[in-house]
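Participant: If you scroll down you'll find the structure; I have some questions about it.
The values are calculated or read from the model by the stated rules, or taken from the named source; none is laboratory data. Owing to the predicted nature of the structure, the values given are computational and were not obtained by experimental measurement. FYI the Cβ positions are ideal-geometry reconstructions off the backbone, even for glycines, and counts take in every protein chain you see.
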Amino acid sequence: MRARKKAQLQMGESIMVLIIFFFLLVFGIVFYASYSLNQAQKKSREHKELIAIQIVQKVQFLPEIQCTIEGNEDYNCVDMSKLETFDLLPEGKKRIYETMFPRTVIDVKQVYPDSKSWHIYGTELQGNMYYYPIPVAIFNPVEDDYTFGVIEIKVYL
Amino acid sequence: MKRKSQIEIMGLLIIVMMVSLLLIFALRSWLSPAENPSERQRMRDIAASFVGAMLNTNSGCMDDTLFSKVLIDCARKPGTGTNGFVCTNGKHSCDFAHDALADMFNKTIDVWKYPYDFKVVAPNNQKINKLSFSSANVGDTKSNVIVFIQPLPLDTSGFRTMQIFLCVGGKCPI
């Protein structure tokens with residue numbers, strides 16, 4: 001009778017050990033899976049944002065809109081006369097930018113002293129958008145005048 | 001009997017160690033702040049480009065007066081209210097710069113909802129109160145702040161300089 005009770009106790013002990021072991025195992029697997037999923041999502045988002053930053057840098061140094069003073073490129077400045085010409089380009093002519101700026105919308109807005117805006121490229125889309133504003137000086141070569149504005153870049157990821 | 005209990009204690013210790021390791025690993029990954037390098041890059045770009053573009057802008061104070069000249073004039077005699085420039089609208093350089101900067105911030109970084117702190121420091125560490133701006137959401141955080149500093153010479157010798165601080169993401173550490 002006593003041996004049977006001892007065996008039952010030992011069996012209960014083994015079962016408890018197994019339960020705790022499987023609980024730890026399941027906890028570990030769930031934790032690792034969620035951690036891996038998080039990491040994968042983070043990597044994917046970072047990769048997309050990296051592509052967006054590459055597009056932004058291409059826009060910042062785009063000769064089609066950048067200021068040139070006596071042949072030298074002026075960083076952080078866009079030329080108003082180039083913006084106005086770019087704005088007039090028919091959409092068909094802008095197709096060459098499709099590979100350079102995929103799923104991208106580029107606008108330039110003058111905010112000081114008065115407000116004005118130019119649509120440079122792209123059409124609004126649905127989905128997650130990466131918004132990247134860059135303050136710039138806008139050069140008016142006719143009046144030799146600089147105003148303050150923003151290049152607004154929206155990349156749809 | 002004694003040996004069996006020793007083995008059991010060792011087993012228990014191993015389990016406790018494994019669970020502790022797992023918990024430390026889990027806590028570390030949950031508690032560590034999520035760094036977003038692209039967000040920091042964006043804040044850095046905004047700070048540097050804002051100051052660079054603002055200084056190159058024609059102020060409108062007088063014909064052909066860049067904003068940098070208005071700020072330099074304000075920093076030469078801050079606080080006196082009788083600076084060299086009197087703009088075409090009758091305002092002194094510091095007042096003119098205050099209004100123009102407020103307009104620029106309202107239409108840009110305020111709209112983008114980034115916390116920011118803007119300060120102009122004249123020689124002898126004299127902060128120009130009229131040219132201090134910060135967003136409502138700036139808080140008190142001084143860590144993880146992008147600090148952009150632009151020095152400007154106040155005279156041709158270059159010994160006297162003013163400094164423009166634009167901090168994005170929190171308060172300037174000055």
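Participant: Could you please find all residues in segment B:135-153 being part of a strand (DSSP E or B) and out of contact with any Lys or Arg (no Cβ under 8 Å at 6 or more places or on another chain)? Give the steps one after another, and end with the answer.
Facilitator: Filtering segment B:135-153 down to residues part of a strand (DSSP E or B) leaves B:146-153.
Once the filter is applied, which keeps residues that are part of a strand (DSSP E or B) and out of contact with any Lys or Arg (no Cβ under 8 Å at 6 or more places or on another chain), segment B:135-153 yields B:147, B:149, B:150, B:151, B:152.
Participant: Residues that are at the interface with chain A (Cβ under 10 Å from one of its Cβ atoms) and in contact (Cβ under 8 Å) with a residue 60 or more places away in the chain, at least 2 per element: which helices (runs of 4 or more DSSP H) completely within segment B:25-133 meet that?
Facilitator: Working: elements: B:37-56, B:67-76, B:93-107, B:109-112.
In segment B:25-133, the matching helices (runs of 4 or more DSSP H) lie at B:37-56, B:109-112.
Participant: One residue is enough: does segment A:1-10 have a residue meeting the conditions within 14 Å of chain B (Cβ to nearest Cβ), under 17 Å from residue A:119 (Cα atoms) and modelled with pLDDT of 85 or more?
Facilitator: no
Participant: Out of A:112, A:131, I need the residue that is without any contact (Cβ under 8 Å) to a residue 60 or more places away in the chain, on the phi < 0 side of the Ramachandran plot and crowded, with 18+ Cβ neighbours inside 10 Å. Which one? Lay out the reasoning, then the answer.
Facilitator: Values: A:131 fails: crowded, with 18+ Cβ neighbours inside 10 Å.
Every option except A:112 fails the conditions.
Participant: Of the numbered conditions (1) surrounded by fewer than 19 Cβ atoms within 10 Å (Cβ to Cβ); (2) under 21 Å from residue A:131 (Cα atoms), residue A:52 satisfies every one except a single condition; which is it?
Facilitator: Among (1) surrounded by fewer than 19 Cβ atoms within 10 Å (Cβ to Cβ); (2) under 21 Å from residue A:131 (Cα atoms), the lone unmet condition for residue A:52 is (1).
Participant: Follow-up question, since we're still on this one. Pick from A:147, A:99, A:104, A:123: which is buried (at least 16 other Cβ atoms within 10 Å of the Cβ), more than 11 Å from chain B (Cβ to nearest Cβ) and either at pLDDT 90 or above or within 25 Å of the chain's Cα centre (by Cα) (or both)?
Facilitator: On the way: A:147 fails: more than 11 Å from chain B (Cβ to nearest Cβ); A:99 fails: buried (at least 16 other Cβ atoms within 10 Å of the Cβ); A:123 fails: buried (at least 16 other Cβ atoms within 10 Å of the Cβ).
The conditions single out A:104.
Participant: Would you mention how many residues in segment A:37-68 are within 11 Å of chain B (Cβ to nearest Cβ) and in contact with a strand residue (DSSP E or B) (Cβ under 9 Å, 6 or more places away or on another chain)?
Facilitator: The qualifying residues number 8.
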